[in-house]
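Below is one structure; the comments refer to it alone.
The values are calculated or read from the model by the stated rules, or taken from the named source; none is laboratory data. Note that the structure is a prediction, hence the values are computed from the model and not measured. Don't worry about glycine lacking a Cβ; one is built from the backbone with ideal geometry, like all the others, and counts go over all protein chains shown. Ligands, DNA and RNA are stripped out before the accessible areas are found, and what is left, the full protein with its side chains, is counted by its heavy atoms. Shrake-Rupley method; radii C 1.70, N 1.55, O 1.52, S 1.80 Å.
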Amino acid sequence: MKNILVCLVVTLVVSLSCINRVEAQPMSDVYCPEQYVEAPESEWDCGVCDSYRYVSVGMGPIILIPNVGIGYRERHSKFGWDSALSFSTIGYAHQLSAHLVGHYYLSPFQKNSAYLGLGLMGSGIFTNHKHSAGTLSPDFVFGKVLERSNDSRHFVEMHVAVPTVWVESKHSHSMYFPLMYIKYGISF
């Protein structure tokens, strides 16, 4: 359990340390100038560089459980990454989770590109009766960047975490029930 909490804290520190490192650049209807479209420097570079902090609301780890979060994401051409910390509760049980996910943008020249992601998610689960456990699992993400309004960015994404390693004080076992999150994020 201590290892999972250490991983959560490290992920939070890394995400918060990167918040103001790269300034967001304005986006246009098409990210890349014509010179990059005609003769890109490489197959993987179209000149896109974007980063922002965000808050998210949604549901998960099981549908109908409210979830709120804060995170940071960065994008360079077709690739990007996202780190976040989120909280879910049903009154009796509470979950604090952190994830670090790499993104691959399917249409990097469009400002509203869909993306796929793969990363790692860890969480701590606490109840009102002092029972606690932790989970660690691969995180599969499918998302879409939505149309930009003014200077804010929006996205919607779905996380599926399976198989999950369930870690209690002295036991650990695999759980094949997927943890699913649906999130809507907006930059700030």
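List of remarks:
- Computed from backbone phi, the HN-Hα couplings of the stretch 102-118 come to x, 10, 10, 8, 6, 10, x, 7, 9, 6, 10, 6, 7, 9, 10, x, 9 Hz, rounded to whole numbers (Karplus: 6.51 cos²θ - 1.76 cosθ + 1.60, θ = phi - 60°; Gly and Pro given as x).
- For the stretch 100-188, pairs of C-alpha atoms spaced more than 18 angstrom apart make up 54 percent of the total.
- Loop-located trypsin sites (Lys or Arg not before Pro) in the stretch 125-170 (DSSP state other than H, G, I, E, B) with a sparse environment of at most 12 neighbouring Cβ atoms within 10 Å: Lys130, Lys170.
- Per-pair calculated FRET efficiency, R0 = 41 Å: Ser172 and Asn150 via Cβ, rounded to 0.05: 0.30
- FRET efficiency estimate (nearest 0.05) - Cβ-Cβ, Cys49 to Ser132, R0 35 angstrom: 0.30
- Net charge in the neighbourhood of Met180 (other residues with Cβ under 12 Å of its Cβ; Lys, Arg +1, Asp, Glu -1) is -1.
- Lysines with Cα under 16 Å of Lys144, excluding same-chain neighbours fewer than 8 positions away: Lys78, Lys111, Lys183
- Equivalent ellipsoid, the stretch 48-97 (semi-axes from 5 times Cα gyration tensor eigenvalues, Å): 28, 9, 8
- Distance between the modelled labels on Tyr104 and Tyr92, one decimal in nanometres: 4.2 nm (7 Å Cα→Cβ projection).
- Alpha carbon centroid spacing (whole Å) that separates the stretch 143-188 from the stretch 87-129: 3 Å
- Of the chymotrypsin sites (Phe, Trp or Tyr not before Pro) found in the stretch 110-183, those in coil by DSSP whose Cβ has at most 10 other Cβ atoms within 10 Å are Tyr176.
- With every protein chain in place and a 1.4 angstrom probe, the accessible-area ranking of His76, His154, His131, largest first, reads His131, His76, His154.
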